[in-house]
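The block underneath contains the structure these notes are about, expressed in structure tokens.
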Amino acid sequence: MDEFMVYKESVDTARQNGELEQYRESKRRNKDCAKAIDQAISDSNYELYHYDLKTAAQTVVSHYGLDRVSWVLAHFVQQHEYDGRYSHAHKQWAKSFSLPHKDTEFYILNSHPTVLDGFLNRLLELENELKRIAEHIVQEGTQNTAQGNWIMGFDEFPPELGGADFIAAHQRDILRLLERTEAVADVTLSDNGFDVCYYLDYCPNAERQEPDSPEKVPPIQETMRKPSILAQLEEGKKTAANKVAQAGDTPKRGSEREV
């Protein structure tokens, strides 16, 4: 089971589907994630009543994934709806998660509710940042690809989107966001970037093969006429020269994947 994947069904459903192992493994990681949230918040306390919650959120998400951190916090906030120290907006956010309520064992967080509410602010900000990165990848790819394939390296993003280290740290969450995007047919991670295949309907500059119209069909005598040997040799020289020239071209940002 993918360590970032959250099993979202109840124990009864898991038992019926023969997925108890996945259920237990996911629940174990959920508990570890809850402890990691508390620890990251504690570690970010650099001065009395002062926390670096942005770094705390990034640290936990990079280790457990956005889906799992969100799942654990939504679970916890739903069980503490009575607590006025959690904002109304965050309570509404938590309600958007469909949780298996038959599971009576809840994930325990020991951080102060006010601080935890601030952590939630930073988590949702991080989620929006990752969504902007995924949108940027799709925008760059669909607008530039001619064949539906586009590779984008971690070091090719503008600084305002976080930089290469930030992108690399959250690559798996960005991958999941891309997988859920309508324009994306397939996406894989390479050693240093994203290799994305797009549906051509979303690529305005894609090369499309259209059948020849009747008026474009050459006359029979033209199709039967073959070029001379000398003409073939000259054409071969031109093709070779073009390949040499193209080999020295400097690639632009992002690149078409050879297929």
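The values are calculated or read from the model by the stated rules, or taken from the named source; none is laboratory data. Please read these numbers as outputs of a predicted model, since none were measured by experiment. All Cβ positions, even for glycine, are placed from backbone atoms using ideal geometry, and neighbour counts span all protein chains on display.
Quick look at the numbers
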quantity: Failed item, numbered, when Gly84 is tested on (1) part of a helix (DSSP H, G or I); (2) modelled with pLDDT of 95 or more; calculated: (1)
quantity: Residues of the stretch 171-198 that turn out to be touching a Gly at 6+ places or on another chain (Cβ under 9 Å), surrounded by fewer than 21 Cβ atoms within 10 Å (Cβ to Cβ) and not hydrophobic (A, V, I, L, M, F, W, C), as a count; calculated: 5
quantity: Selection within the stretch 145-165 - under 13 Å from the mean Cα position of the chain (by Cα) and assigned to a helix (DSSP H, G or I); calculated: Phe154
quantity: Selection within the stretch 54-70 - of a type outside the set (S, T, N, Q) and either surrounded by fewer than 21 Cβ atoms within 10 Å (Cβ to Cβ) or at pLDDT below 95 (or both); calculated: Lys54, His63, Asp67
quantity: Number of the condition not met by Gln209 [criteria: (1) out of contact with any Ser or Thr (no Cβ under 9 Å at 6 or more places or on another chain); (2) over 30 Å from Thr55 (Cβ atoms); (3) modelled with pLDDT of 95 or more]; calculated: (3)
quantity: Test: residue in the stretch 72-91 that is of a type outside the set (S, T, N, Q) and closer than 28 Å to Gly163 by Cβ; calculated: yes
quantity: The lone exception for Ser87 - which of (1) closer than 29 Å to Gln171 by Cα; (2) touching a residue at least 24 places away in the same chain (Cβ under 8 Å); (3) among the polar types (S, T, N, Q) it fails; calculated: (1)
quantity: Selected residue (only one of Tyr46, Tyr51, Tyr64 is under 28 Å from Gly163 (Cα atoms), among the hydroxyl-bearing types (Ser, Thr, Tyr), in contact (Cβ under 8 Å) with a residue 40 or more places away in the chain and touching an Asp or Glu at 6+ places or on another chain (Cβ under 8 Å)); calculated: Tyr64
quantity: Matching option when the condition is touching a helix residue (DSSP H, G or I) at 6+ places or on another chain (Cβ under 6 Å), in a helix (DSSP H, G or I), within 18 Å of Leu53 (Cβ to Cβ) and not β-branched (Val, Ile, Thr), among Leu123, Leu177, Leu109; calculated: Leu123
quantity: Filter pass, Gly141 being touching a residue at least 60 places away in the same chain (Cβ under 8 Å) and under 16 Å from Val184 (Cα atoms); calculated: yes
